[in-house]
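**Q** Take a look at the following structure, please.
Values in this text are rule-based calculations from the coordinates and carry no lab data. Note that this is a predicted model, so its numbers are computed, not measured. Virtual Cβ from ideal backbone geometry, glycine too; neighbours counted across all protein chains shown.
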Amino acid sequence: MPSPVIELEHIRKSFAMPGGETVAVLDIERFALDEREQVALTGQSGSGKSTLLHVISGIMRPDAGRVRVAGHDITRLGEAATDRLRADTLGLVFQQFNLLPGFTALENVLVAMSFGSAKPDRWRAADLLASVGLTHRLHHKPGELSIGQQQRVAVARALANRPRVILADEPTASIDTAHQDQVIDLLTTTCAEHDVALLVVTHSPEVAARFPKRLRLEDFNRAAVHHG
Amino acid sequence: MSLFGIAWRTIRQRLLTSGLTALSLALGVALVVATLVIGDVVTQAFKSGSGLGYNMIVGAKGSPLQLVLNSVYLISKPIENIPWTFYEEFLPATARPDGVAGTFAGSVQTAVPICMGDYFRSYRVVGTSAAYFDRLTYGGGGPPRLPRWLVRLLGQSTAAAAPRPFAFSAGRNFRDDEFFGGVLGSEVAARLGLRVGDPFAPTHGADDGLVHDPFTVTGILARTDTPVDRGVYVNMEGFYLQEGHAKPVEGAAPAAGSAPGTPAPLPREQREVTAILVETVSLPGLPAELTAMALKTQLNEGRDGQAAEPIREISVLLGLFVRPLELLLLLVTTLVVIVSAIGILVSMVGSALERSRDVAVMRALGARRSQVLATVLIEAVIIALGGGLAGWALGHVLVGAIGPLITTNAGVSATLLSAAPTAELLLVPFLIGLAILAALLPALAAYRTDVAKWLG
């Protein structure tokens, strides 16, 4: 039986509004993602999808509850240790790709490697880019790449430190429908090839339909039900 | 990729902004370096005069400072001339026509006359005797220019330099019987391209004055880093024979001629000197200063002339003009540095704001806050070093460019290679410290970047 690579228990997260009001965004009893599992997480706008990813990745701390990533309870770790764990075990793919504009495709991957425990490896970075079909674009900056190519760089960068999980936040939101399938194919295939679990957050039913396992945030986030 | 690599990439990404910041810093540093070097060169030039081979200058009554500036530094105008007979009062019996020792001869070790008023292509011409280079010395008394610890590190002596006799890089001193022989200071020879054996004709009173008979270069002095480098020294016997140099005296026999060869010297009664460089004697059991003090009092109480102590006048000059000037320059320098630091601060704040999203992305990729902080600081140090070194070089180019102007107006030699070693050595670490200080605010802003906010 596969063990969970991500486990959330009794998570609560709320934000204080300017008027002094507190708005609960997450109230999750339990959530888990198994090794090599590929899951699409859907939810309405404002249902807390991005907040959930931030809590899982340790970018944001929950008000209560426990977050275990690759067996480590990150709510008990210090900030630097959480950063290191994030660099080593999680790969992030953002909606706007968020590539560093002054760096080439190869350097974007190398920058990610430089924050992990392993020594940055130029050859491996080039191999990763080659595996997503960018052999001839290693030294191009993001501005010189097409949207699809930028997305590929983002996927290669997410794999830089041999992560256990890739968290993708609306990876198809800023691209046209024709390219959405290509991106999802790239993510699912690459993750399968590298034995990496994949959690894709999307608001698109079409994208979610491409995944064997689909979850609606409203189904397990009581704050989303209450709020949404 | 190292943090240095990331910082370097970020600089290249913002090449225009980073370049402009470095440029503004470079201009500030250039101004600072030029100010420091010129200030140092001026001070050193005046201090270099303190190691003279004489401790007293005797000249016409007037400003003692003017007498020193004119006689030692070859700037300002001569006060007036003093009679030859007054000069003879400093000579021993053997050097006088009457065979009787002069009034002051007992207190004098060496007395060298100088006559001024002519120029050769903007350089001062000094008529003197061979004793100037045979008996006088230079370079003593000045403190080492580098800090003692650095001097030790370089394996040099920390002791003040001892007075040295004049040396010739080419040729030799003129003999007293070579009426039309001349010696050139190293700078004069280098600038004007003159060599031993070349003729040169001084002009009377100014560059465009009456052209005198030519003298011949017998020797070129080795560099002394003193005002002597800027002097043209001719045999005063030849000097006296030039038109307008003989004091008009009724009944005096006219000069036999001024053509090179064996001309008759100018009669004594028609001679005058501008100043006498005197080294006082140390009387048995008494310090030399006491002899000098007594001689000075005696001379200043008389009607024929005044005595000035060059070191005292130089100290007064430094206290009155050079030190306040240094203070003013230091103030300007400080303001320039502060403006440069604000420039770095503004640029780095702009940089931090511009790349908040990039910082957030790096943090999301696992960069620790300390790594982000270090990257911003490294970026500031690179800009400070780049701008600082460029400014340092530019400062020296600036000094080299305005050097001739300084030489003409202040009588001080300033070139591309002139340096204020101590201040310049301290400048680079100071700039790096300042850059780090200025970058701290934006670095802390990057350190505290709200990752979730920027990732949306």
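**Q** What ranking do B:182-190, B:20-28, B:92-100 get when scored by the average of other Cβ atoms within 10 Å per residue, highest first?
**A** Numbers: B:182-190: 24.3, B:20-28: 21.8, B:92-100: 10.8.
So the peptides B:182-190, B:20-28, B:92-100, ranked by packing, come out B:182-190, B:20-28, B:92-100.
**Q** Rounded if a/c is under 1.5, else prolate if a/b beats b/c, else oblate: with a ≥ b ≥ c from the C-alpha gyration tensor eigenvalues square-rooted, which is region A:15-100?
**A** Rounded is the answer for region A:15-100, as its axis ratio a/c remains below 1.5.
**Q** Regarding region B:369-456, what are the three Cα extents along the principal axes, ordered largest first, in Å?
**A** Principal-axis extents of the Cα atoms in region B:369-456, largest first: 66, 24, 15 Å.
**Q** Next up: Roughly what percent of Cα-Cα pairs across chain B reach past 32 Å?
**A** I get 52 percent for the Cα pairs in chain B exceeding 32 Å.
**Q** Now, a different point. Name the residues whose placed amide hydrogens come within less than 5 Å of the amide hydrogen of B:VAL108, ignoring near sequence neighbours (fewer than 5 apart) on the same chain.
**A** Under 5 Å from the amide H of B:VAL108: B:VAL281.
**Q** How well do other chains shield peptide B:365-375, expressed as the mean number of their Cβ atoms within 10 Å of each residue Cβ? Intermediate results must be reported in sequence, preceding the final value.
**A** Details: counts 19, 22, 7, 8, 3, 2, 4, 0, 0, 0, 0.
The mean count of partner-chain Cβ atoms within 10 Å per residue comes to 6.
**Q** Using the charge dipole of the protein assembly as shown (Lys, Arg: +1 at Cβ; Asp, Glu: -1 at Cβ; taken about the Cα centre), state which of B:TRP392, B:SER2, B:SER107 has its Cα farthest towards the positive end.
**A** Of the options given, the answer is B:SER2.
**Q** Continuing with the same structure: In nm, to one decimal, how far is the modelled label at A:ARG222 from the one at B:ARG268, with both set 7 Å along Cα→Cβ?
**A** Modelled inter-label distance: 12.6 nm.
**Q** A further question follows. When only alpha-carbon atoms count, how far does the protein assembly as shown stretch along each of its three principal axes, as whole angstroms with the largest first?
**A** 130, 49, 44
**Q** Under 8 Å for C-alpha pairs, at least 6 residues apart: give me the relative contact order for chain B, rounded to a whole percent.
**A** Once divided by the residue count of chain B, the mean separation gives 26 percent.
**Q** Could you rank the peptides B:62-68, A:148-154 by their average count of other C-beta atoms within 10 Å per residue, with the highest value first? Walk me through the numbers on the way to the answer.
**A** On the way: B:62-68: 19.6, A:148-154: 22.9.
With the highest mean Cβ count within 10 Å placed first, the list reads A:148-154, B:62-68.
**Q** Then there is this: Using a Debye calculation, one point per C-alpha and no hydration shell, please list log10 I(q)/I(0) for region B:51-101 at q = 0.16, 0.17, 0.32 Å⁻¹ in order.
**A** For region B:51-101 at q = 0.16, 0.17, 0.32 Å⁻¹, log10 I(q)/I(0) is -0.57, -0.63, -1.17.
**Q** Amide H of A:ILE166: which non-local residues (sequence gap of 5 or more, or other chain) have their own amide H closer than 5 Å, using H built in the peptide plane?
**A** A:GLY91, A:ALA197, A:LEU198, A:LEU199
**Q** According to the square roots a ≥ b ≥ c of the eigenvalues of the Cα gyration tensor, what is the shape class of region A:138-204, taking rounded for a/c under 1.5, prolate for a/b larger than b/c otherwise, and oblate for the remainder? List each step's numbers first, then the result.
**A** On the way: a/c = 1.94, a/b = 1.13, b/c = 1.72.
Oblate, because a/c is 1.5 or more while a/b does not exceed b/c.
**Q** For region A:77-228, just list the percent of Cα-Cα distances falling in each 10 Å bin from zero outward, please.
**A** Using 10 Å bins, I get a P(r) of 11, 39, 34, 14, 2 for region A:77-228.
**Q** Here's another thing I want to ask about it. Give me the inter-chain shielding for A:156-167: mean count of other chain Cβ atoms within 10 Å, whole number please.
**A** 1
**Q** Take the alpha-carbon positions of region B:335-413, form their convex hull, and give its projected area averaged over all directions (one quarter of the hull surface) in nm². Intermediate results must be reported in sequence, preceding the final value.
**A** Numbers: hull surface 27.5 nm².
Taking a quarter of the hull surface, the average projection is 6.9 nm².
**Q** Of A:LYS141/B:LYS453; A:LYS13/A:LYS119; A:LYS119/A:LYS213; A:LYS13/B:LYS453; B:LYS77/B:LYS296; A:LYS13/A:LYS141, which ones are farther than 27 Å apart at the Cα?
**A** Where the Cα-Cα span goes over 27 Å, the pairs concerned are A:LYS13/A:LYS119; A:LYS119/A:LYS213; A:LYS13/A:LYS141.
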